[in-house]
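First comes the structure, then the notes that go with it.
The values are calculated or read from the model by the stated rules, or taken from the named source; none is laboratory data. Just so you know, these numbers come straight off a predicted model, no measurement behind them. Positions of Cβ are generated from backbone atoms using ideal geometry, with glycine treated the same way; all protein chains shown enter the neighbour counts.
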Amino acid sequence: MEEGGVVAYPTETFYGIGADIGNPQAIEKIYAIKGRDFNKPVSIIIGDRKDLVKFTNDITPAAERLMDRFWPGGITLLFAASRKVPPKLTAKTGKIGIRLSSNPTATLLAKGLSGAITATSANRSGRKECVSVEEVIDCIGKDLDAVIDGGRTPGGAGSTIVDVTADIPVIIREGIIPSSAIYDQDFLNMR
């Protein structure tokens with residue numbers, strides 16, 4: 001992957017497409033594989049919570065509470081991106097989606113690179129997400145450098161995406177973690 005390879009790998013939701021976030025050609029390849037518009041950002045999975053400071057300089061108290069409660073797991077948090085984050089990943093929004101996955105394969109891949117890998121679903125944009133290696137191969141296999149077989153993933157819903165750049169978190173996409181868990185008043189009011 002350090003040479004620009006793109007692989008499919010399992011997560012706690014679906015199979016994702018991973019590449020070294022520091023390799024511009026690999027990032028472009030992901031957009032090409034997915035047929036994704038460059039105006040849509042691509043999130044990342046980090047290998048360890050300590051890696052977060054490489055990719056954002058602004059961790060709000062709400063973000064800390066959400067990480068304490070749901071990481072590792074199926075919640076992607078939108079942070080203000082640091083200058084180390086390639087603008088192509090943020091689609092020039094200045095924000096980067098970051099997740100600490102509960103899937104050991106995803107976490108090990110991120111640890112093996114610069115502390116992070118791309119985390120977008122292993123499918124063509126607008127198509128059904130893949131829950132098995134067979135589905136990945138049928139959908140985009142010819143465009144990938146490798147597929148890591150982690151067995152069947154749970155599927156169902158993707159990660160919940162929450163913008164934590166303000167004091168009150170804003171759910172961008174409800175996924176496997178329900179909004180009721182995020183907006184629980186006792187949880188939000190913890191100081």
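When the residues of the stretch 97-143 are filtered to those that are in contact with a Leu (Cβ under 9 Å, 6 or more places away or on another chain) and β-branched (Val, Ile, Thr), the one that is nearest to Ile177 (Cα to Cα) is Ile98.
If the condition is being out of contact with any strand residue (DSSP E or B) (no Cβ under 7 Å at 6 or more places or on another chain), of a type in the set (A, V, I, L, M) and closer than 15 Å to Ile27 by Cβ, then the stretch 55-98 contributes only Ala91.
Could you count how many residues in the stretch 93-110 are in a helix (DSSP H, G or I) and surrounded by fewer than 19 Cβ atoms within 10 Å (Cβ to Cβ)?
Looking only at the stretch 93-110, we keep the residues that are in a helix (DSSP H, G or I), and these are 104-110.
Of the ones still in play, those that are also surrounded by fewer than 19 Cβ atoms within 10 Å (Cβ to Cβ) are 104-105, 108.
Going through the stretch 93-110 one residue at a time, the tally reaches 3.
Across the stretch 11-27, the number of residues qualifying as modelled with pLDDT of 95 or more and either surrounded by fewer than 16 Cβ atoms within 10 Å (Cβ to Cβ) or more than 17 Å from Ala116 (Cβ to Cβ) (or both) comes to 3. Hey, does the stretch 44-51 have a residue that's touching a Phe, Trp or Tyr at 6+ places or on another chain (Cβ under 8 Å) and loosely packed, with under 15 Cβ neighbours inside 10 Å? Yes, the stretch 44-51 contains a residue that is touching a Phe, Trp or Tyr at 6+ places or on another chain (Cβ under 8 Å) and loosely packed, with under 15 Cβ neighbours inside 10 Å. Of the residues making up the stretch 1-10, those that are of a type in the set (A, V, I, L, M, F, W, C) and buried (at least 24 other Cβ atoms within 10 Å of the Cβ) are Val6, Ala8. Listed conditions (1) touching a strand residue (DSSP E or B) at 6+ places or on another chain (Cβ under 7 Å); (2) within 11 Å of Arg99 (Cα to Cα) are all met by Ala19, apart from (2). Selection over the stretch 167-186 of residues that are over 18 Å from Ser101 (Cα atoms) and in contact with a Gly (Cβ under 7 Å, 6 or more places away or on another chain) gives a count of 0. Just one of Ser101, Ser121 is among the polar types (S, T, N, Q), within 19 Å of Ile30 (Cα to Cα), modelled with pLDDT of 95 or more and within 11 Å of the chain's Cα centre (by Cα); which is it? Just one listed residue meets the conditions, Ser121.
When the stretch 68-92 is filtered for residues that are hydrophobic (A, V, I, L, M, F, W, C) and surrounded by fewer than 20 Cβ atoms within 10 Å (Cβ to Cβ), the ones remaining, listed by number, are Trp71, Ala80, Ala91.
Take Phe38 and tell me if it is surrounded by fewer than 20 Cβ atoms within 10 Å (Cβ to Cβ), out of contact with any Leu (no Cβ under 9 Å at 6 or more places or on another chain) and among the aromatic types (Phe, Trp, Tyr).
On the way: surrounded by fewer than 20 Cβ atoms within 10 Å (Cβ to Cβ): yes; out of contact with any Leu (no Cβ under 9 Å at 6 or more places or on another chain): yes; among the aromatic types (Phe, Trp, Tyr): yes.
When the stated conditions are applied, Phe38 passes them.
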